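Take a look at the structure below.
The values are calculated or read from the model by the stated rules, or taken from the named source; none is laboratory data. Just so it is clear, the model here is predicted, and its values are computed rather than measured. Please note: Cβ atoms are built from the backbone with ideal geometry, for glycine as well, and neighbour counts cover all protein chains shown.
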Amino acid sequence: TFADHVRIVEVGPRDGLQNEKSSISPETKIHLVRRLAATGLKTIEAGSFVHPKWTPQMASSDKVLQNILQQPPHTSQPITYQWLLPNMKGLDNFFSIQAQNSTQGDTSYPTPPQSPRHDSGPAQNTSTQNPNDMPSATSGAAAMDSKSSPEQPKHEVSIFLSATESFSQKNTNCSIAESLERFQPLITSARDKGFGVRAYISVALGCPFEGPDVDPHKVAELAASLLEMGADEISVADTTGMGTAPRTRELLRTLTAAGIRNDDLALHFHDTFGQAMVNTLVGLEHGVRTFDSAVGGLGGCPYSPGATGNVATEDLVYSLESLGVNTGIDLSEISKIGDWITGEIGKPNESRAGKATLAK
Ligand code: HMG
Ligand code: MG
């Protein structure tokens, strides 16, 4: 039913923190991810394997991944961690940490790809071959702990490309066609090793360099290509927050007309113009059931000047619950986390629902 089928992807530890200028310690990031994992969230994008010169704040993502692999947080629900990466180098770095922490000690996992998310559901937990099911640590209490945990975490990779050439060059130093060329072997390699793949399409509702009128047919064409290549899910991203309700609706209709299923889509709204919740409702009405958000309304892309945070997870939870959705997320706890992490990095708490919840 509708009530149980809306999924929130928490991107705060990655999108939320990547743009912060002052260095945030790996310990703080780890603490953030571990606290988020305890709120009932089912998916957390926990870091990225990008070039450290391009996005220095994410350079410690290896430590965050290592920590999760060595001591998987105990959760009351199955949980998936996503790791953003732009190319094979990022994937190799991700694989090498996975390998260091696996009992196999190498990356040659002879496994079939995970089935696509939309029909995998509980099956994700039944595969015994997937590397994501392997005990994560090699020795000691952490290994025992994780092995006996009924809720062994899964890991997936997220890739990203742009709907405009200008943003593609700024964000990834290559053309859109070059991005697609990079992704085919990357997706194949990730899936061969049993990792699911999410793909973002940035600036789908407005580009900082080319303006708001991004061609929805281009977005649809890219989504179709990425799915064809084996991506499990497309996250359509309003990087600049320029999206409006009518243009969001038009984009979703164009995607549907091009044969893209709502089950294969996620929506990723930044709230720069305060339209993220409105656009979320348009997405829900259209039948999309996966939405990205960041605790405390943190976020911004370093290569999208002026863009601010993602829609706040607290606001999304509050709104979805009012519509009868069981998010399974503890609003009080997530509000505390939003308040803590924004304070920790010296930012205002951008979540209205979070602040109001704490004031009660
Ligand atoms: P490049 O300089 O063209 O890379 O950057 P290159 O392939 O020419 O390689 C140059 C050097 O970088 C080489 O090292 C590579 O090994 C190294 P050298 O031989 O000179 O010693 N290198 C790497 N090192 C570590 N990790 C890697 C990596 N790749 C190459 N992955 C590149 C191209 C794509 C790497 C660069 O542009 C980059 O890292 N871009 C990422 C920028 C970023 O982090 N943006 C924010 C995330 S996307 C986002 O926020 C949008 C999203 O939220 C959705 C939305 O809202 O739109 C997802
Ligand atoms: Mg983003």
Quiz item: In the list Ala294, Ala312, Ala353, which residue meets the criterion of being at pLDDT 95 or above and more than 23 Å from Val236 (Cβ to Cβ)?
Solution: Ala353
Practice problem: Only residues that are more than 14 Å from ligand 2 (Cβ to nearest atom), part of a loop (DSSP other than H, G, I, E, B) and either within 20 Å of Glu350 (Cα to Cα) or of a type in the set (Phe, Trp, Tyr) (or both): list them for the stretch 245-291, please. | Solution: Phe273, Gly274, Gln275
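Please enumerate the residues belonging to the stretch 332-355 that are in a loop (DSSP other than H, G, I, E, B) and either under 11 Å from Thr313 (Cβ atoms) or touching a Leu at 6+ places or on another chain (Cβ under 9 Å) (or both).
Correct list: Ile345, Lys347, Asn349, Glu350, Ser351.
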Practice problem: Answer with yes or no whether Gly354 is free of Cβ contacts under 8 Å to residues at least 12 places away in the same chain and under 23 Å from Leu17 (Cβ atoms). | Solution: no
Quiz item: Quick check, is Glu344 surrounded by fewer than 22 Cβ atoms within 10 Å (Cβ to Cβ) and farther than 22 Å from Arg249 by Cα?
Solution: yes
Quiz item: With respect to the numbered conditions (1) farther than 14 Å from Tyr200 by Cβ; (2) away from ligand 2 (no atom under 13 Å from the Cβ); (3) over 17 Å from the mean Cα position of the chain (by Cα), which one is the sole condition not fulfilled by Ser225?
Solution: (1)
Exercise. Name the single residue, out of those in the stretch 177-222 being under 17 Å from the mean Cα position of the chain (by Cα) and in a strand (DSSP E or B), that is farthest from ligand 2 (Cβ to nearest atom).
Key: Gly196
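Taking into account only those residues within the stretch 181-228 that are on the phi > 0 side of the Ramachandran plot and touching a helix residue (DSSP H, G or I) at 6+ places or on another chain (Cβ under 7 Å), which is farthest from ligand 1 (Cβ to nearest atom)?
Narrowing the stretch 181-228 to residues on the phi > 0 side of the Ramachandran plot: 194, 203, 206, 211.
The next check asks that each one be touching a helix residue (DSSP H, G or I) at 6+ places or on another chain (Cβ under 7 Å); those that pass are 194, 203.
On the way: Gly194: 21, Val203: 6 Å.
That would be Gly194.
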Quiz item: Can you tell which of Ala37, Ala59, Ala99 is aliphatic (A, V, I, L, M) and within 15 Å of ligand 1 (Cβ to nearest atom)?
Solution: Ala59
Practice problem: Could you grab me the full set of residues in the stretch 70-85 that are in a loop (DSSP other than H, G, I, E, B) and within 16 Å of ligand 2 (Cβ to nearest atom)? | Solution: Leu85
Quiz item: If Ala46 satisfies every condition in (1) touching a residue at least 40 places away in the same chain (Cβ under 8 Å); (2) closer than 28 Å to Arg289 by Cα but one, which is the exception?
Solution: (1)
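Just wondering, is there one or more residues in the stretch 56-63 that are hydroxyl-bearing (Ser, Thr, Tyr) and either closer than 25 Å to Leu331 by Cα or not in a helix (DSSP H, G or I) (or both)?
Residues of the stretch 56-63 that are hydroxyl-bearing (Ser, Thr, Tyr), as a first pass: 60-61.
From what is left, the residues that are either closer than 25 Å to Leu331 by Cα or not in a helix (DSSP H, G or I) (or both) are none.
No, every residue in the stretch 56-63 fails to be hydroxyl-bearing (Ser, Thr, Tyr) and either closer than 25 Å to Leu331 by Cα or not in a helix (DSSP H, G or I) (or both).
Take the conditions part of a loop (DSSP other than H, G, I, E, B) and at pLDDT 95 or above and apply them to His31. Does it pass? First the steps, then the outcome.
Values: part of a loop (DSSP other than H, G, I, E, B): no; at pLDDT 95 or above: yes.
In short, no.
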Quiz item: How many residues, within the stretch 9-36, are touching a residue at least 60 places away in the same chain (Cβ under 8 Å), in contact with a Ser or Thr (Cβ under 9 Å, 6 or more places away or on another chain) and either on the phi > 0 side of the Ramachandran plot or more than 15 Å from ligand 2 (Cβ to nearest atom) (or both)?
Solution: 2
Self-check item: All positions within the stretch 262-289 that are within 14 Å of ligand 1 (Cβ to nearest atom) and of a type in the set (Ser, Thr, Tyr)
Solution: Thr272
Exercise. Please find, within the stretch 294-341, the residue that is surrounded by the fewest Cβ atoms within 10 Å (Cβ to Cβ) out of those that are within 16 Å of ligand 1 (Cβ to nearest atom) and aliphatic (A, V, I, L, M).
Key: Ala307
